[in-house]
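Following: one structure in structure tokens, then a few remarks.
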Amino acid sequence: MSAPVTPITVRNLTLAYGGFVVLRDLTFTVQRGDIFVIMGGSGCGKSTLLRHLIGLQAPAAGEVRYGDTNLWDASPETRGRLMRRFGVLYQGGALWSSMTLAENVALPMQLHTALGPAEIAERVALKLALVGLSGFGDFLPSEISGGMRKRAGLARAMALDPDILFFDEPSAGLDPVSAKRMDDLIRALRDSLGATVVLVTHELASLLALGTNSVFLDPESRTMIAGGRPRDLLEGSRDPRIQAFLRRGESAASGAVA
Amino acid sequence: MSERLPDRADVQVGRAADDTLFVQLAGDWRDGAARPPAGEVLDRIRAARPFRRLVFDASALTGWDSGLLTLLARIVRGSEREGVQVDLEGLPAGVRTLMALATAVPPKEDARTPEPREGFFARVGSDALAFVTSAFELAAFVGETAVAAARGLAGRARFRSGDLALFLQETGPRAVPIVALINFLVGVILAFVGIAQLRLFGAQVYVADLVGVAMVREMAAIMTGILMAGRTGAAFAAQLGTMQVNEEIDALRTLGVDPVEFLVLPRLLATSLMMPLLCLFGDVMGVLGGWLVAVPVYGQGSTLYFNRTIEAVGLAHLFVGLFMSLVFGALVALAGCLRGLQCGRSASAVGEAATAAVVTGIVSIIVATALITVMCDAIGI
């Protein structure tokens, strides 16, 4: 019926702010069901790459394809329809601060579906329960903790049952227990919804545990220097930059990582 | 127990062997203790040149902090420049560790390329280009808003009616006290100044005409417009700017919501509806202000004053004033929302956005006044 959204094929993508090139010549594919990690040191352009993938910023060169559709060549309507098939969790949640959690999760449903208020309320309660925020529907974002805001943002990202979920630094600012819970939630969502997950992160524990595919961005050369399963990179890569990143700078002999 | 007074910090400089200088540090080198100034220490070291090695002795040092570290760093840097070998062994272990840490990562050479100072003509050029870009952005924004407004008229715009109700309340009833006060005062001022001049011709009875026409045709709309620019324009810019900083507007976009439809349209609608009403209210308050000066103060007849006002202020003046206020309301909302959406991603950017919103709002009000006046002149109203 509607065109498939995966795989996401990126070819020769170049990202720039005005004249300043952030990243160049990126080519990779996100397969259906992947938990795809975008990783690299600070300042390598991970979040910028994410913005280009989700339709917030047009690339300087190259293409981003969802299935057969080129995201940036398509008409605004097609792009809009495509963008509705993904859910984005922004760093910090990006909840609309003047609306309650329930209103936040309900808004996408009110705007893009023909559901009545009662049905929407039921689904909102379901989404909030899935992330462990049952009963918090009437709270404002400013009244809950940072971790709870992230979870509420996740509930909103899932509002329209998306095919692809994008996470921008989901574990940032979370304590180790909450970070592990977030990881488990991500895996459970992927398994149960059949969604594809794209994860921007530099939390080693999470990306090694969850990642099935990846792209490693290097700020010095401003391009990608590796891809594939993070665990495989950890064990097999010879590149000192990748080893330093994945082992937190400790020597290869120390072994036990997450 | 008596407090130990800090030992007086002292430094001795002397030659150990022919080409080795030793620097002996003694006493308490912490902030708050009396210390020899760094410049003096460096001068004494320099005066002892030439020497090939520099050795420290800190056995009598009782306390130190960052002040000593910075002094030592200067000595080490100076020695490196002169090719003198520095031996840090005599310093406390903590000092040595910190100094090693500070020099471990070499300063990034191109961390920030210093912007070359532009010459005058270069700045004029880049300002002109920036002006052109901002003119394009303004045109694009006006276009997007027009499209959203058209959708609104067709009943297909998507925004929350609760938002519209909130903005109507914020821009309308909440603004009444200050609108009343300002317009009242303007009426008072106009009357005072007017009567003083009209008396010279024995024409002070026409102060009612003066105040009435001035307020109704121009002043109420302009004063209320400027008030709204400061009050509401800045608020809109701050609201949208903060949303921009929190990525809330990005979140709207990725969920397929047009920020202009969702955020700008209700605000535009609210100010456009409320401004003419506030202006009308301002007209009345201005006339009352004039009354206060003409009747109790200067002893004119109350009935006379109001009769003259009604005679002088025709429907034409009223409609011109209300039309201007409608236009000003729209301009203020557009300026506020535009600057808010253009906001950068930091707290200071929100402040700049609010300031820019007020300035843009006021400037566009003045330009609009000029244009409308010319238009009315041409039509003959």
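Quick note: the coordinates plus some simple rules give every number you see, no bench work behind them. None of the values given here were measured: they were computed from a predicted structure. Here the Cβ positions follow ideal geometry from the backbone for every residue, glycine too, while neighbour counts run over all protein chains shown.
Computed quantities for the displayed model
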quantity	calculated
Kyte-Doolittle mean at least 1.6, axial Cα span of 27 Å or more - DSSP H helices of chain B	B:176-198, B:315-341, B:347-379
Relative exposure of B:ASP18, A:ASP183, B:ASP209, judged by other C-beta atoms within 10 Å (fewest first)	B:ASP18, B:ASP209, A:ASP183
Local net charge near A:GLU63, Cβ-Cβ under 11 Å (Lys/Arg +1, Asp/Glu -1)	+1
Over chain A: Kirkwood hydrodynamic radius from C-alpha pairwise inverse distances, Å	19.1 Å
Coordinate range along principal axes, alpha carbons of the range A:122-258, Å, largest first	52, 28, 27
A:LEU165 long-range amide H proximity, modeled H, under 5 Å	A:GLY87, A:THR196, A:VAL197, A:VAL198
Cβ-based exposure ranking for A:HIS52, A:HIS112, B:HIS317, in which fewest neighbours within 10 Å come first	A:HIS112, B:HIS317, A:HIS52
More than 33 angstrom apart: percent of Cα pairs within the range B:144-379	27 percent
Whole-number percent relative contact order across chain A, with pairs defined as alpha carbons under 8 Å at least 6 apart	24 percent
Whole-angstrom gap from the range A:21-42 to the range B:10-52, using each part's C-alpha centre	57 Å
Reduced Cα scattering model of the range B:10-104, Debye log10 I(q)/I(0), q = 0.18, 0.22, 0.24 Å⁻¹	-0.80, -1.23, -1.47
Neighbourhood net charge (12 Å Cβ-Cβ; Lys/Arg +1, Asp/Glu -1) for B:VAL41	+1
GNM flexibility winner over chain A from A:LEU199, A:LEU101, A:LEU140 (Cα, springs under 10 Å)	A:LEU140
Calculated over the range B:282-325: convex hull of Cα atoms, volume per residue (Å³)	59 Å³
Relative contact order for chain B, counting Cα pairs under 8 Å that sit 6 or more residues apart, in percent	17 percent
Rg(Cα)/(2.2 N^0.38 Å) for the range B:47-205, N = residue count	2.39
Rg(Cα) / (2.2 N^0.38 Å) computed for the range A:95-161, rounded to two decimals	0.98
Percent of Cα-Cα distances greater than 39 Å, calculated over the protein assembly as shown	55 percent
The range B:232-274-the range B:335-350 distance, computed between alpha-carbon centres (Å)	11 Å
Helix-only [θ]222 nm of chain B, DSSP H runs n ≥ 4, -39500 (n - 2.57) each, per residue, nearest 500	-21500 deg cm²/dmol
Neighbour-count ranking [beta-carbon atoms within 10 angstrom, fewest first] of B:VAL295, B:VAL332, A:VAL105, A:VAL124	B:VAL295, A:VAL124, A:VAL105, B:VAL332
